[in-house]
2 protein chains.
Amino acid sequence: MTPLPASTTKGDSTRIAILDAAVAAASTVGLEGLSIGQLAKETGLSKSGLFAHFDSKENLQLQVLARATERFVETVIAPALKVRRGVPRLRAFFEYWLKWEKDPAMRGCFFLSIATELDDQPGVVRDRFVAYQRDWQSALATAARIAVEEGHFLEDLDVEQFAYDFFGMILAFHHFSRLMHDAGAEVRLRASFERLLADCRRPDWPDPQAKA
Amino acid sequence: MTPLPASTTKGDSTRIAILDAAVAAASTVGLEGLSIGQLAKETGLSKSGLFAHFDSKENLQLQVLARATERFVETVIAPALKVRRGVPRLRAFFEYWLKWEKDPAMRGCFFLSIATELDDQPGVVRDRFVAYQRDWQSALATAARIAVEEGHFLEDLDVEQFAYDFFGMILAFHHFSRLMHDAGAEVRLRASFERLLADCRRPDWPDPQAKA
């Protein structure tokens, strides 16, 4: 569980503890597989107590998504935003994202595990999920635009394409490492990322962190 | 259903018809969701008749995997192997694979739909699935090696990395187009593929099919 701010009330901290248990469970059983009965068992709370926090299964699912996103922001986005603008920050996004993806507590990335589940289930939960994914893709495009401004990336770079390729290679890594148990997947992923950075780099900006 | 060879016996063609129905069903409900009862309903055959073809659920799942692979070979691999060696053949793999991926009858790629399902389910079905995926990845690496031999690709190209990147971008496309309903995903995918080919190309081989 992530540390709670000092001002958090008891009700809040209970809610967060429940949601963290639910995020972990959903990584395995999916959002549809979440049950208030099962969560009651895992958290030691009564079913009626849980219903006080989440008045419907859909509401529970939405709050689980929001909580997972909050943790993604804390683990990946916030620390990367402290890193110097431009390519160094993009490298930080990459490293923190990979750390998140490899976190055994999440059993692989929570978001990717439930992506296929929601594939064929239109509705408010799916819409929310897609909105979060789009936000993250936009954040990557913005970070690439900053790298253009900093003179690290080519002036005419298609930053949306950059974000697509960046996001895409993490999705692929998830598949290769998790499903195919490909022990070399991380080395491959890093090579793909270096190729992407090299293709976007201005020739007059020598990336001090570039690998051969 | 794909056309059957003339020598196919009645038993074979019934088996293939059942398996094709099962492949379509598994794309939606997953391999675990397949039931002999449901297949009996869809094919109009008796449960006992179906048991005569598949003596266990695991056997059914393995045969469904084999049938989907057979169709993938017919739709993607066989026609591409008729195309000229080197980059033209790699482009053919790409186009036929994309066609397969976009086939509405498969509701997106059968293999990717069940990938997440098998993620946490060790066993013979998962092992077989991973073996099929590895075979396909090796076929892509071999096709890239041929492109090196033909003088299209750089002599020192890491063809395994090429296969990883090629496969990875199709996985990513599946995610963006299917889950996120990103109408621009195909344009993005094509740009990623052109960038990959451009990065691998020998400077003295001008690819006649290259896009700007």
* How far apart are the residue B:33 label points across copies, placing each 7 Å from Cα toward Cβ, in nm, shortest first? -> 1.4
* Around residue A:176, what is the net charge, scoring Lys/Arg as +1 and Asp/Glu as -1 over all other residues with Cβ under 14 Å from its Cβ? -> -1
* Structure fact -> Amide H neighbours of residue A:182 at under 5 Å, excluding residues fewer than 5 places away on the same chain, with H built from the backbone geometry, are A:177
* Structure fact -> Of all trypsin sites (Lys or Arg not before Pro) in the stretch B:12-100, the ones in DSSP coil with at most 13 other Cβ atoms within 10 Å are B:82, B:84
* Structure fact -> Once amide hydrogens are built 1.01 Å from N within the peptide plane, the residues lying 5 or more places from residue B:153 or on another chain with amide H under 5 Å from its amide H are B:148, B:202
* To do: Estimate for me the total accessible surface buried between chains B and A (protein heavy atoms, probe 1.4 Å, no ligands or nucleic acids), in Å² to the nearest 100.
  => 3700 Å²
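Counting helices only, and only those DSSP H runs with n ≥ 4, report the 222 nm mean residue ellipticity of chain B as the sum of -39,500 (n - 2.57) divided by its residues, in deg cm²/dmol to the nearest 500.
Estimated from H runs of four or more residues: -21000 deg cm²/dmol.
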* Asked: Residues of the stretch A:1-157: accessible area per residue at 1.4 Å, in Å²?
  -> 46 Å²
* Asked: Which distance in nm do the two modelled labels at residue A:207 and residue A:52 give, with both placed 7 Å along the Cα-to-Cβ direction?
  -> 5.3 nm
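For peptide B:160-171, compute the average count of partner chain beta-carbon atoms within 10 Å of each residue's beta-carbon. Working shown, then result.
Values: counts 2, 6, 0, 1, 12, 10, 1, 4, 14, 7, 2, 9.
For this peptide, the per-residue mean of nearby foreign Cβ atoms is 6.
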* Could you give the dipole magnitude of the stretch B:61-183 about its Cα centre, charging the beta-carbon of Lys and Arg +1 and that of Asp and Glu -1, in debye to the nearest 20? -> 560 debye
* So for the protein assembly as shown, taking the charge dipole from beta-carbon charges (+1 Lys/Arg, -1 Asp/Glu), which of B:87, A:68, A:38 sits furthest toward the positive end? -> A:38
* Could you tell me whether the protein assembly as shown comes out rounded, prolate or oblate from its Cα gyration tensor? Rule is a ≥ b ≥ c as square roots of the eigenvalues, rounded for a/c under 1.5, then prolate if a/b exceeds b/c, otherwise oblate. => oblate
* To do: Working from Cα positions, state the angle (0 to 90°, nearest 10) between the long axis of helix B:10-29 and the longest principal axis of chain B.
  => 70 degrees
* Where the label is 7 Å out from Cα toward Cβ, how close does residue B:48 come to the same position in every other copy, in nm, shortest first? -> 5.3
* Structure fact -> Which of B:158, B:119, B:135 fluctuates most in a GNM of chain B (C-alpha springs under 10 Å)? That residue is B:119
* With axes computed from alpha carbons, what is the tilt in degrees of helix A:87-102 against the longest principal axis of chain A, rounded to the nearest 10 within 0 to 90? -> 40 degrees
* **Residue of chain A whose Cβ sits closest to the axis mapping A onto B, with distance in whole Å** => A:116, 2
* Neighbour cut-off at most 10 other Cβ (10 Å), DSSP loop, trypsin sites (Lys or Arg not before Pro), the stretch A:153-212 -> A:211
* Using a Cα distance threshold of under 25 Å, what count of lysine pairs results for chain A when pairs must be 8 or more residues apart or interchain? -> 10
* Considering only protein heavy atoms and a 1.4 Å probe, what is the carbon-and-sulfur percentage of the accessible area of the stretch A:81-204? -> 52 percent
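The values are calculated or read from the model by the stated rules, or taken from the named source; none is laboratory data. All values derive from a computational prediction rather than experimental measurement. Reconstructed Cβ throughout: ideal geometry from the backbone, glycine too, with neighbour counts over all protein chains shown. Surface areas here come from the heavy atoms of the whole protein model, side chains and all, with no ligands, DNA or RNA. Shrake-Rupley method; radii C 1.70, N 1.55, O 1.52, S 1.80 Å.
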